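**Q** Submitted below is the structure of interest, expressed as structure tokens.
Every number here is computed from the coordinates shown, using simple stated rules; none is lab data. All of these numbers come straight from a predicted model, not from anything done at the bench. Counting neighbours? That spans all protein chains shown, and the Cβs are built from the backbone with ideal geometry, glycine included.
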Amino acid sequence: MSQTPQQTPGLSPEHVGRRYPATEPYIVSAAKIAEFATALADDSAAYRGPDPVAPPTFAMVIAAQAWSRLFDDPDLALRLDHTIHADQSFEWVRPLRAGDAVTATLEITSVRNRRGTDIIGLEVSLDTPDGEHLATATSTLWHTGEDAA
Amino acid sequence: MIGNAESTGLVAVRPLAEGQSFGPRTIGVDRSRIVRYAGASTDFNPIHWSDRHAVAAGMDGVIAHGMWTMGAALGAVVGWIGDPGAIRSQRARFTRPVLVPDTDEGTTIEVSGVVISADEDSATIKLDVIHNGQSVLGRVEVVVDNQAPREGETA
């Protein structure tokens, strides 16, 4: 809201609570589910046939679309090639199904700095455009600034 | 004799009980598979397909996506309990990379799991995910629905 004009871009604890607009709805398809299951070497029948569900970690495909909001935010000045995905967790309400439309909404939940590395907590909510909550993907990223390498 | 039958059995019947276990289940991964995963997941970070980029990023060579390893490990749980819809949560820490050599045989991860707590509502399964004798995911816990599947429910 009221950033001092001379402030240089960069992540800081004041960004905790920043929430980005939901992504455009992603339409889950049977073909993409099968492709994803094959890539995981998972031959479960649930992922194939006319009415498949998606492997649980398929949620990351959609959550990652919201990550681009973060890396495109000029205030934060984050670089993907300086970023390490340190941990990940998911909570699922129900499996994603072929035909689901899913939006992803990202919020910055924590920012800490330890010896030049920013430790960033993110939460991405996956929902239908009608407001049905489907899953939450929670991540910790480590971001190393230029001066810390 | 907790765990013995389940260690060799392919599928566990819920409800799960504390101490039940499965694995190790071996899952192969070669360059072709992680290129497929890059396309399927739309994660095209070049450290997953280019040795040149991987080395520049400080790796010994191309590594698997952490999310591939996490997803494949969860696949072992789904294979054990039979129903992806029963998975409620998963968490993991990415502790070591899985180096994927440019060979026909590629490499493997071995996934095993043990139920560390269970009640009539849910069960928590702790996973070990091993590559070349070392753990590559830390604190991997999967919570599953622990009610017996209802009649007619797909398993």
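**Q** Bin by bin, in steps of 5 Å, what percent of the Cα pairs in the stretch B:5-155 do you find, going until the bin that has the longest distance?
**A** Histogramming the stretch B:5-155 at 5 Å steps yields 2, 10, 18, 20, 17, 13, 9, 7, 3, 1, 0 percent.
**Q** Using just the alpha carbons, could you tell me how many Å³ per residue the convex hull of the protein assembly as shown encloses?
**A** So the per-residue hull volume is 148 Å³.
**Q** I'd like the Karplus ³J(HN,Hα) series for the stretch B:23-37: coefficients 6.51, -1.76, 1.60, θ = phi - 60°, whole numbers in Hz, and an x wherever there's a Gly or Pro.
**A** Per residue, the Karplus-derived 3J(HN,Hα) values read x, x, 9, 9, 10, x, 9, 10, 4, 4, 5, 6, 5, 4, 5 Hz.
**Q** Let me ask you something else. Taking θ as phi - 60°, what are the ³J(HN,Hα) couplings along the stretch B:113-118 by the Karplus curve (6.51, -1.76, 1.60), each to the nearest whole Hz, with x for Gly and Pro?
**A** Each residue of the stretch B:113-118 in turn: x, 9, 6, 9, 7, 7 Hz.
**Q** Related question: Could you give the angle, 0 to 90 degrees to the nearest 10, between helix B:66-81's Cα long axis and the longest principal axis of the Cα atoms of chain B?
**A** Taking the Cα atoms of chain B, the angle to B:66-81 is about 30 degrees.
**Q** Please work out the C-alpha center-to-center distance from the stretch B:30-46 to the stretch A:80-104 and express it in whole Å.
**A** Value for the Cα centre distance between the two parts: 17 Å.
**Q** While we're looking at this one, here's another question. Only four residue types carry charge here, +1 at the Cβ of Lys and Arg and -1 at the Cβ of Asp and Glu. Report the dipole size of the protein assembly as shown about the Cα centre in Debye, rounded to the nearest 20.
**A** 400
**Q** Work through the residues other than B:P24 whose Cβ is under 12 Å from its Cβ and net out their charges, Lys, Arg +1 and Asp, Glu -1.
**A** Local net charge: -1.
**Q** Which of these, A:A135, A:A86, A:A64, has the largest mean-square fluctuation under a Gaussian network model of chain A (Cα springs below 10 Å)?
**A** Judging by the Gaussian network model, the answer is A:A86.
**Q** While we're looking at this one, here's another question. Just from its helices, what would the mean residue ellipticity at 222 nm be for chain A, if runs of 4 or more DSSP H residues each count -39500 (n - 2.57) and the sum is divided by every residue, rounded to the nearest 500 deg cm²/dmol?
**A** -4500 deg cm²/dmol
**Q** Let me ask you something else. Given the DSSP H assignment, sum -39500 (n - 2.57) over each helix run of at least 4 residues in chain B and divide by its residue total; what's the result at 222 nm in deg cm²/dmol, nearest 500?
**A** The helix-only estimate for chain B comes to -7000 deg cm²/dmol at 222 nm.
**Q** Which of A:W67, A:H15, A:H133 sits closest to the plus end of the dipole of chain A, meaning its Cα is farthest towards the positive end, when Lys and Arg get +1 and Asp and Glu get -1 on the C-beta?
**A** Final value for the positive-end residue is A:H15.
**Q** Residue by residue, what Karplus-based ³J(HN,Hα) values in Hz, rounded to whole numbers, does the stretch A:101-115 have, using 6.51, -1.76 and 1.60 with θ = phi - 60° and x for Gly and Pro?
**A** Ordered by residue, 3J(HN,Hα) equals 9, 9, 9, 10, 10, 9, 10, 7, 9, 7, 9, 10, 10, 10, 6 Hz.
**Q** Let me ask you something else. Which whole-number value in Å³ per residue fits the convex hull of the alpha carbons of the stretch A:44-149?
**A** 116
**Q** Give me the inter-chain shielding for B:31-44: mean count of other chain Cβ atoms within 10 Å, whole number please.
**A** 4
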